Amino acid sequence: AELGRDLTRAIENEELFLQYQPKVHLRRQEITSVEALVRWTHPTRGLVLPSDFIPIAEESRDIVALTLWTIRRSIQDQKILAEQGHDLRIFINIAGVLLADERFVRRACALVENSGAQLGFEITETSVIRDPESAIANLKVFAAIGIVIAIDDYGAGLSSLAYLKQLPARELKIDKLFVTQLTSSNRDPLIVRSTIDLAHALEMEVVAEGVETQAAMALLSVMGCDMIQGFLISRPINIDALIHFLDEGK
Ligand code: G
Ligand code: G
Ligand code: NA
Ligand code: MN
């Protein structure tokens, strides 16, 4: 509750910041997008991670202001990256409660449309379950203005093939639960391979999250996985470090 009170102020006081984690396209051998992850420098607690405040923000409705802030900052940072010669799509995590919030949807669309920025929204399937009809309708609104929809944490939550069939998603992110032990497990590679095939059959590109080793990357490449994200490539990093990282890879 205390952290919740502080959060309202934190958004106004610029205590939040974004880090970016690159996704590498395996066949193209290049970074085509990044995921924005919010962090909070709390005046007394120091660095607070999203797992500690996103659930609070969802309860208190601060999630609306927080996410609009994240979208605005991502739009600004995308311009900075483009000026440095790096055209990347920035993906933002969108909490499930927001998919049924018409006011949020209107405000988010206005921000994105006015900026012309290339954004993506990451949503979990579990977040669609609350109110599938409005979630799917609103995701179609986002997709119609050029926002790429990615299904996040696939396989870890309440996955339903009925939703997979209806969501206007272009990317499917396999949860790191199946990836971090990919080369030492019997079942994980079977699950990952069949998920890749399923996503491709539905004309989605596949991102493997939590790639930590060369061996996992090599296996994912053989399996036809399109993109990888994980500590092997980079941890989430500040915009300046990201620019440096991208310049080095040129
Ligand atoms: O690195 P990391 O601890 O940042 O991510 C933890 C979790 O926090 C992830 O599940 C991620 O989706 C979530 N998260 C990070 N930034 C945001 C954000 O801006 N909005 C929402 N809703 N979730 C976020
Ligand atoms: O739920 P979401 O996928 O948005 O959360 C991303 C989380 O995964 C962040 O906390 C991020 O720091 C973490 N993460 C990113 N890459 C790796 C990785 O290679 N290994 C592990 N263990 N965690 C990772
Ligand atoms: Na995510
Ligand atoms: Mn994820």
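Segment residue 200..residue 29, full-extension length gain: 59.6 nm, with 0.36 nm per residue of separation and the alpha-carbon distance subtracted. The HN-Hα couplings worked out from phi for region 31-43 by the Karplus form 6.51 cos²θ - 1.76 cosθ + 1.60 (θ = phi - 60°) are 8, 9, 7, 9, 9, 8, 10, 7, 10, 10, 8, 7, x Hz, whole numbers, x standing for Gly and Pro. With contacts taken as Cα pairs under 8 Å at a separation of at least 6 residues, the chain carries a relative contact order of 19 percent. Distances between placed amide hydrogens fall under 5 Å for residue 30 paired with 25, all partners being 5 or more residues away or on another chain.
Sorting 190-201, 40-51, 58-69 by average packing, meaning the other beta carbons within 10 Å per residue, from highest down gives 58-69, 190-201, 40-51. About its Cα centre, region 2-248 has a charge dipole of approximately 240 debye under the convention of +1 per Lys or Arg Cβ and -1 per Asp or Glu Cβ, with nothing else charged. The residue list 29, 201, 230 was ranked by how far each Cα lies along the charge dipole of the chain toward its positive end, using unit charges on Cβ atoms, and 201 comes out on top. Between residue 102 and residue 131, the distance separating the two model label sites (each 7 Å from Cα on the Cα→Cβ line) works out to 0.9 nm. Couplings for region 90-96, taken from phi via the Karplus curve 6.51 cos²θ - 1.76 cosθ + 1.60 with θ = phi - 60°, read 9, 9, 10, 7, 10, 5, x Hz in order; Gly and Pro are left as x. Under a 5 Å amide H cut-off, with hydrogens placed 1.01 Å from N, residue 206 pairs with 172, 226, 227 among residues at least 5 apart or on other chains. Close amide H partners of residue 121, meaning residues 5 or more places away or on another chain with modelled amide H under 5 Å apart, are 92, 148, 149, 150.
Its relative contact order, with pairs defined as Cα atoms under 8 Å and 6+ residues apart, puts region 59-139 at 35 percent.
Expressed as a whole percent, the proportion of Cα-Cα pairs in the chain lying more than 27 Å apart is 36%. Using 0.36 nm per residue and subtracting the Cα-Cα separation, the extra length available between residue 113 and residue 8 on full extension is 35.2 nm. Our coupling estimate for region 155-167, obtained by passing each phi through the Karplus curve with A = 6.51, B = -1.76, C = 1.60 and θ = phi - 60°, is x, 9, x, 8, 7, 9, 5, 5, 6, 4, 5, 9, 6 Hz, Gly and Pro reported as x.
All of the numbers you see were taken from the coordinates with simple rules; none came from a lab. Note that the structure is a prediction, hence the values are computed from the model and not measured. Cβ: placed from backbone, ideal geometry, glycine included. Neighbour counts: every protein chain shown.
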